[in-house]
Amino acid sequence: MGDSKKNLNKEITIIGGGVGGYVAAIKAAQMGAEVALIEKENIGGVCLNRGCIPTKAMVRSAEVYDNINDAKQFGLDIDKEAVSVNMKKVVKRKDRVVRRLVKGVEHLLKSHDVEIIEGEAEFVDENKVFVNSEDNDLEIKSEKIIIATGSKVSKIPIDGIDLPGVIDSNQALELDELPEKMVIVGGGYIGMEFAFIYANFGVEVTVVEFLDEILGNCGPDMCKEIHRSARRKGINILTGSKVEKIREENNELVVEYTKDKEKNEVKGNKVLMAVGREPYFEGLGIDKIGIKLDKNERGIKVNKKMETNIPGIYAIGDVTDEIQLAHVASHQGMIAVKNILGKEVEMDYDVVPSAIFTSPEIANVGLNPEQAEEKGIDYEIGYFPFRANGKALAQGERQGFIKLIQETNSGKIIGAKIIGTHASDLISEVTLAIKNELTAEDIAETIHTHPTTAEVIHEAALDLVEESIHFA
């Protein structure tokens with residue numbers, strides 16, 4: 001604790017400098033507010049430092065290595081024996097990418113005159129926040145406060161979870177030596193992204209998932225495609241399997257699990273716990289001022305303006321436990337700021353795209369067929385496979401498909417499912433279409449550049465209104 005105390009007055013104080021907090025800070029400054037941004041670790045939060053960006057940097061390194069090993073299909077003769085993975089250099093590259101982005105965000109904040117305060121925040125009352133800082137202890141008085149403290153890695157009570165070699169997603173990003181075998185507990189998006197990263201690096205990977213299917217609500221069609229890809233990569237997926245215990249045996253970790261009431265086990269040099277994330281607000285003192293949690297007692301409860309039950313205090317991002325996606329946190333931040341500064345807007349979760357960076361990539365937006373049926377909506381599906389797309393074939397990426405979902409009566413696009421190369425980029429076009437209530441005919445009549453993977457969207461739209469040209 002510092003040896004002196006300062007008092008500050010700001011129009012808006014934001015607690016947490018992740019993708020929700022720093023975007024909110026920049027937006028507030030652009031709208032003329034005086035802003036303080038409190039961050040106890042690194043600007044950029046989990047996304048820039050331990051999540052979205054570093055994992056994508058490692059995805060790319062793994063893809064390059066996998067492409068080299070598969071070079072023969074491109075007409076290239078390479079001595080595979082001379083090619084190896086240097087994980088120390090992989091991690092260093094990842095860290096360089098992260099540092100560059102973090103420095104960029106810090107520059108943006110400073111250029112907008114956002115005061116960045118390093119330290120841990122705690123509520124004094126509804127308008128005051130105390131910051132325990134290395135330099136000076138601060139007390140900041142604000143008209144409005146935004147909580148953007150994010151989430152932490154979830155832990156489940158398993159015997160042996162604290163053994164050396166049992167790691168979480170943060171530690172998985174720092175491994176400077178590849179294990180021969182890795183067991184991943186959890187087949188959600190975090191677990192499956194790491195499964196493909198390490199499998200592409202040549203690690204023998206087993207995924208143990210408690211539920212009957214991996215990747216939550218992706219649907220049987222996408223899961224079937226990912227299972228097929230996983231088999232090609234040598235990834236062993238065990239669904240409907242409950243981990244009971246982790247133990248050490250002969251310098252290996254043994255994961256004991258139950259499947260169909262039978263006890264089994266799988267061995268690995270590392271065990272990655274990838275069972276999700278949960279809202280983080282420890283030490284913030286929200287109970288002291290009466291901030292209410294949601295019905296699940298996990299996240300901070302907010303309305304559509306992102307305001308808590310305490311007037312003038314808002315919450316955004318993972319701490320709300322609404323949708324744990326970086327782009328949602330950023331948008332929530334802008335919604336909160338606009339309401340604070342007099343522009344009444346509401347958060348809309350109906351059109352939120354999501355992407356999973358497996359191999360191939362997965363992306364979803366809007367309603368899937370099951371959800372449309374639940375809502376009693378008559379729908380039609382436009383389909384097109386990537387194997388019929390020229391750019392995908394040229395790239396050697398023939399896996400996957402797009403399903404474009406149209407409301408029958410109006411012709412409006414209401415959802416899309418894409419699994420294939422560039423899926424994470426392609427989904428934005430469909431998101432724009434749904435948000436602006438465009439029809440399949442609108443997309444079909446829009447000229448798409450050739451040769452690009454975006455043509456799969458055009459072809460799926462044609463499949464709905466006429467007939468697909470390049471697939472029968």
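The set of residues in segment 211-226 that are in a loop (DSSP other than H, G, I, E, B) and surrounded by fewer than 17 Cβ atoms within 10 Å (Cβ to Cβ) comprises 211, 212, 216, 217. Restricting 417, 403, 412, 391 to those that are of a type outside the set (A, V, I, L, M), farther than 24 Å from residue 370 by Cβ, at pLDDT 95 or above and not assigned by TED's automatic domain parsing to the domain that holds residue 225 reduces the list to 391. When 229, 241 are screened for being touching a residue at least 12 places away in the same chain (Cβ under 8 Å) and either surrounded by fewer than 22 Cβ atoms within 10 Å (Cβ to Cβ) or not assigned by TED's automatic domain parsing to the domain that holds residue 180 (or both), only 229 passes. Taken together, 289, 300, 246 contain a single residue that is touching a residue at least 40 places away in the same chain (Cβ under 8 Å) and in the same structural domain as residue 183 (by TED's automatic domain parsing), which is 246.
Being surrounded by fewer than 20 Cβ atoms within 10 Å (Cβ to Cβ) and in contact with an Asp or Glu (Cβ under 9 Å, 6 or more places away or on another chain): is that true of residue 302 here? Criteria not met by residue 302. Checked against (1) acidic (Asp, Glu); (2) over 30 Å from residue 8 (Cα atoms); (3) part of a strand (DSSP E or B), residue 122 meets all criteria but (2). Scanning segment 445-453 for any residue that is under 24 Å from residue 192 (Cβ atoms) and either within 19 Å of the chain's Cα centre (by Cα) or not assigned by TED's automatic domain parsing to the domain that holds residue 237 (or both) turns up at least one such residue. Residue 406 fulfils the conditions (1) under 30 Å from residue 228 (Cα atoms); (2) under 26 Å from the mean Cα position of the chain (by Cα); (3) without any contact (Cβ under 8 Å) to a residue 60 or more places away in the chain; (4) crowded, with 19+ Cβ neighbours inside 10 Å except for a single criterion, (2). Tell me, yes or no, whether segment 338-352 has at least one residue that is out of contact with any strand residue (DSSP E or B) (no Cβ under 6 Å at 6 or more places or on another chain), in a helix (DSSP H, G or I) and farther than 29 Å from residue 222 by Cα. Checked against the condition, which is being out of contact with any strand residue (DSSP E or B) (no Cβ under 6 Å at 6 or more places or on another chain), in a helix (DSSP H, G or I) and farther than 29 Å from residue 222 by Cα, segment 338-352 yields at least one hit. Annotation note: Cβ proximity below 7 Å between a residue of segment 410-425 that is without any contact (Cβ under 8 Å) to a residue 60 or more places away in the chain and a residue that is surrounded by fewer than 23 Cβ atoms within 10 Å (Cβ to Cβ) and of a type in the set (Lys, Arg) (sequence gap 6+ or interchain) occurs for 416/403.
When residues in segment 2-46 are screened for being hydroxyl-bearing (Ser, Thr, Tyr) and either within 21 Å of residue 126 (Cβ to Cβ) or assigned to a strand (DSSP E or B) (or both), 1 of them pass. Scan (1) at pLDDT 95 or above; (2) assigned to a loop (DSSP other than H, G, I, E, B); (3) of a type in the set (A, V, I, L, M) for the single condition residue 275 breaks and write down its number. Going through (1) at pLDDT 95 or above; (2) assigned to a loop (DSSP other than H, G, I, E, B); (3) of a type in the set (A, V, I, L, M) one by one, residue 275 breaks only (1).
Check segment 150-165 and report whether any residue there is buried (at least 23 other Cβ atoms within 10 Å of the Cβ) and at pLDDT 95 or above. Yes, some residue in segment 150-165 is buried (at least 23 other Cβ atoms within 10 Å of the Cβ) and at pLDDT 95 or above. All conditions in (1) over 30 Å from residue 248 (Cβ atoms); (2) among the β-branched types (Val, Ile, Thr); (3) touching a Lys or Arg at 6+ places or on another chain (Cβ under 7 Å) hold for residue 167, with the sole exception of (1). If you check 366, 396, 390 for being farther than 12 Å from residue 457 by Cα and either among the β-branched types (Val, Ile, Thr) or over 27 Å from the mean Cα position of the chain (by Cα) (or both), only one passes: 390.
Residues of segment 34-62 that are under 23 Å from the mean Cα position of the chain (by Cα), modelled with pLDDT of 95 or more and of a type in the set (Asp, Glu): 39 alone. In the condition set (1) at pLDDT 95 or above; (2) surrounded by fewer than 24 Cβ atoms within 10 Å (Cβ to Cβ); (3) not in a loop (DSSP other than H, G, I, E, B), residue 196 is compliant with all but (2). For segment 440-459, what are the residues that are out of contact with any helix residue (DSSP H, G or I) (no Cβ under 8 Å at 6 or more places or on another chain) and either in contact (Cβ under 8 Å) with a residue 40 or more places away in the chain or more than 23 Å from residue 394 (Cβ to Cβ) (or both)? Selection gives 445 alone.
Taking the listed residues 280, 257, the one that is more than 16 Å from residue 146 (Cβ to Cβ), in contact (Cβ under 8 Å) with a residue 12 or more places away in the chain and not hydrophobic (A, V, I, L, M, F, W, C) is 257, with no other qualifying.
Among the residues of segment 17-24, none qualifies, meaning not one is crowded, with 16+ Cβ neighbours inside 10 Å and modelled with pLDDT under 95. Of everything in segment 52-108 that's acidic (Asp, Glu) and part of a helix (DSSP H, G or I), which residue is nearest to residue 172 (Cα to Cα)? Restricting to residues being acidic (Asp, Glu) and part of a helix (DSSP H, G or I), the top hit is 95.
The values are calculated or read from the model by the stated rules, or taken from the named source; none is laboratory data. For clarity, every value in this text was computed on a predicted model and none was experimentally measured. As a convention, Cβ positions derive from the backbone with ideal geometry for all residues, glycine included, and neighbour counts pool all protein chains shown.
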